[in-house]
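No value in this document is a laboratory result; all are computed from the given coordinates. All figures in this text were calculated on a predicted structure; none of them were measured in a lab. Note that we place each Cβ from the backbone using ideal geometry, even for glycine, and neighbour counts take in every protein chain shown.
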Amino acid sequence: MRIDQIAAQTDEGRTRDHNEDCFLRLDDVPLFAVADGMGGMDSGEVASQVAVDTLAEFEADLQTAVERAAEERSANARLALGDLMESAFQAAHDAVTEESIRRHSRGMGTTLVGAAIVDDAALVAHVGDSRAYLYRNRELRQLTEDHSVAQLHYQHGRISKAELDTHPDRHKIYQAIGCGNRVDTELSEVDLQHGDVLMLCSDGLCGVLSHNAMTRLMDPSNLEDTARRMIQAANRLGGPDNITVVLVSFCEEEQSTRVDTRRLLEKVFLFRTLMPAEIGLILPYLEEETFLPGEVLIQEGEPADSFFVILSGKVCITRADTHLVDLGAGAHLGELALARPGTVRSATVEALEETVVLELSRPHFRAVMMRRPGLGARLAMALLESVGDRLRDLTERISEAERVLRGLK
């Protein structure tokens, strides 16, 4: 995947007398970021600048990590990049905190959202309520969830999605760079396709323009003009805050048909209850593998330690040389491997054509549960329900067999 266009613009807005937003573009990594400072007077302006300057200090290490992840194309390499981005965000937090102490400026802080581009994926990190979006096929998707009090109310079912956009606590954030002892950086991943546009912005844009308005204003053929028109639109609605937007578009030399990974995973039982942004939190833990026709994905009798989702292609499942079923894109295999250690494969799975799968290993599944307990609990519940369904089906089959046997007697 190649970066086609980059546009980055910032504006004071109509009511502020100075700009507390900052953006960063490190084309060699490549990495892009937006920070929205807070604290009054010049505190917010300083906080956002210190945050992006600290992030820039990691440029060489980030470039190395991105190159490794692009070359290895492994979950471990992507997770290592995520760990480095977390370290960079924590360093930014520490630097802003130190500057706040030096200036005796209580309440000084900033939001921060950044995206590192790894071949055909973007690894997004954020703290606060500056956001990342993906524009694809005339649809704008929100990739991040605000670290706001209103978002917590929504996640706990206290308010509806419709109420979230107008709730009085939607601008009250519960964590920011420079506030508190540590920050819990949210990491997510999104696959990139030809024609996609990645957008990072401060809430001076997304908090003023509606989702539909931003979608209508997006013109992938001219990102500079898109950024300008978005800022103008926010200002026409009063421009109550500083406005910053970074837009990055992508293209391929040879267009290929890529699977929309998030959309496919939304239909798989394990991830069905997750919101789109939450699926992005899982993606860095998934390993993509390609199997050629005749290659075996799973061998009957071998130890089972991974769950698979078929992205494309077709596989044949056999047991004791007896054909059971053929499966294609969207099908899943091996959930019992996640539920219980020491499980043995009960069938053989062989690729009938070139097949691409996503693999979630048991260690990575446990890592998700440890890192994101709330998210992990929902995955565990989905897994428990699936295992329960299989046990119920097995019980019904045994009961039916017993009825047949009694009839024979």
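Okay, here's what the table says:
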read-out	value
FRET E, pair D27, E385, Förster distance 41 Å, beta-carbon r, rounded to 0.05	0.30
C-alpha long axis of helix 373-408 to longest principal axis of the chain, angle in °	20 degrees
For region 2-251: relative contact order, % (alpha-carbon pairs under 8 angstrom, 6 or more apart)	29 percent
Chain lengthening between E402 and M275 when straightened (0.36 nm per residue, less Cα-Cα)	41.4 nm
Residue-averaged 222 nm ellipticity for the chain, from DSSP H runs of 4+ at -39500 (n - 2.57), nearest 500	-11500 deg cm²/dmol
Relative contact order (%) - criterion: Cα under 8 Å, at least six apart; region: region 33-96	36 percent
Label point distance in nm, R228-R340, each placed 7 Å from Cα along Cα→Cβ	6.5 nm
Vicinal HN-Hα couplings computed from phi for region 173-182 (Karplus, 6.51 cos²θ - 1.76 cosθ + 1.60; Hz; Gly/Pro x)	9, 9, 8, 8, 5, x, 10, x, 6, 9
DSSP loop GluC sites (Glu not before Pro) with at most 10 other Cβ within 10 Å: longest gap in the chain	1-252
Test item: Cα-centred dipole of the chain, Lys/Arg +1 and Asp/Glu -1 on Cβ, debye	1860 debye
Inter-label distance, nm, simple model (7 Å from Cα along the C-beta direction), H211/D61	3.6 nm
Degrees, to the nearest 10: 223-236 long Cα axis against longest axis of the chain	60 degrees
FRET efficiency, H104 to R138 (Cβ-Cβ, R0 56 Å, nearest 0.05)	0.65
The chain: angle of helix 43-56 to the longest principal axis, Cα-based, in degrees nearest 10	50 degrees
Surrounding net charge for E254, when Lys and Arg each add one and Asp and Glu each subtract one, Cβ distance under 15 Å	-3
